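Report on the structure given below.
The values are calculated or read from the model by the stated rules, or taken from the named source; none is laboratory data. From a predicted model like this one, the values you see are computed outputs, not experimental measurements. Cβ placement follows ideal geometry from the backbone for every residue including glycine, while neighbour counts extend to all protein chains displayed.
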Amino acid sequence: MFRSTITTRLYTKEETIPYHLLLLADETLEAIDRYIHKSDCYVFEQEGKILGIYALFRIDNDHVEIKNIAVLEAFQGKGIGTLLIRDAIQKAKDEQYKTILIGTANTAFQQLYLYQKEGFEMDHIKKNFFIDNYPKPIYEKGILLNHMIMLKKALV
Ligand code: ACO
C-alpha cells in the first residue's frame, strides 16, 4: 500500500504522451486531445515506469480542473489514486488557484466515492456531455453513460 505521500514530477511537453494510461480515464483519443496539450501532466513513477498520472487544466486565474487521472491497472486499489488527488490539490494551492474541479461520469461510482472522500462536493451536472461529445453510446455496468457530474473543492 502507498499510504503517506508520493512524489510526482511534471511531464515535459517533449515526452511521448502516455495515451495508454490516459485512455483508462477517458474514452477516446480525440477527447483526450481536446485538453491534454493545454494541461500540465504530473506523473508518479517507480523504476522509470509511470504508475499514475493526472492532468491539470487551467480554466482561469482562479479555477483549475483535473481533466484526467489514472493509475496503471495492476497498481489500482493500492492508494496511489488517493495520493495523486492530494498531490493535485497541493499543486493547485501552490499555484494560487481558489477552486479545483473534477468531473466524472454518472456511472463512475468508485470515482464519485473517492473524490468526495478527498473533500470534493458535487457542484453541477453537464447534461448529456457524453452523448454530445463522444461518437457512439457508451454503457457501463448496464447504465448509459450520459451526464458528467462536476465536483469542486475550495482551496482558500
Ligand atoms: N471498487 C470499489 N472501490 C475501490 C476499487 C474498486 N475496484 N478500487 C479502489 N477502491 C476504493 C479504495 O478502497 C479506496 O477507498 P478507501 O481509501 O476508503 O479504501 C478508494 O477507492 C481509492 O482507492 P485508491 O487505491 O487510492 O485509488 P486507485 O489507485 O485505484 O486510483 C483511480 C483511483 C484513479 C480512479 C484508478 O482506479 C483508475 O485509474 N481507474 C481507471 C481510470 C479512471 O476511472 N479514472 C478517473 C476518471 S474521471 C477523471 O479522470 C477526471
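Things worth noting here:
- When residues of the range 139-156 are limited to those that are under 26 Å from D87 (Cβ atoms) and buried (at least 16 other Cβ atoms within 10 Å of the Cβ), the one farthest from the ligand (Cβ to nearest atom): L155
- Per-region count, the range 116-128, residues assigned to a strand (DSSP E or B) and either basic (K, R) or on the phi > 0 side of the Ramachandran plot (or both): 1
- Which listed residue is more than 14 Å from the ligand (Cβ to nearest atom), of a type in the set (D, E, K, R) and at pLDDT below 95, from K93, K98, K127, K136: K136
- Checked against (1) in a helix (DSSP H, G or I); (2) within 13 Å of the ligand (Cβ to nearest atom); (3) buried (at least 18 other Cβ atoms within 10 Å of the Cβ), Y113 passes all but condition (3).
- Any hit, the range 70-82, residues being touching a Leu at 6+ places or on another chain (Cβ under 8 Å), surrounded by 18 or more Cβ atoms within 10 Å (Cβ to Cβ), assigned to a strand (DSSP E or B) and modelled with pLDDT of 95 or more: yes
- Selection count where residues are closer than 21 Å to L24 by Cβ, not aromatic (F, W, Y) and not in a loop (DSSP other than H, G, I, E, B), scope the range 129-143: 3
- Checked against the criterion of being part of a loop (DSSP other than H, G, I, E, B), at pLDDT 95 or above and in contact with an Asp or Glu (Cβ under 7 Å, 6 or more places away or on another chain), the range 9-25 contains not a single residue that satisfies it.
- Scanning the range 1-39 for residues that are under 21 Å from R86 (Cα atoms), touching a residue at least 40 places away in the same chain (Cβ under 8 Å) and surrounded by 11 or more Cβ atoms within 10 Å (Cβ to Cβ) returns F2, I6, T8, Y11, L21, L22, L24, A25, D26.
- Those residues of the range 101-110 which are part of a helix (DSSP H, G or I) and near the ligand (Cβ under 6 Å from one of its atoms), in sequence order: Q110
- Single unsatisfied condition, L51 versus (1) within 10 Å of the ligand (Cβ to nearest atom); (2) out of contact with any strand residue (DSSP E or B) (no Cβ under 6 Å at 6 or more places or on another chain): (2)
Here is a yes/no grid of residues against (1) in contact (Cβ under 8 Å) with a residue 60 or more places away in the chain; (2) of a type in the set (S, T, N, Q); (3) closer than 26 Å to E15 by Cβ:
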position	(1), (2), (3)
K49	no, no, yes
R58	no, no, yes
V64	no, no, yes
V71	no, no, yes
Q116	no, yes, no
E121	no, no, no
P137	no, no, no
L155	yes, no, no
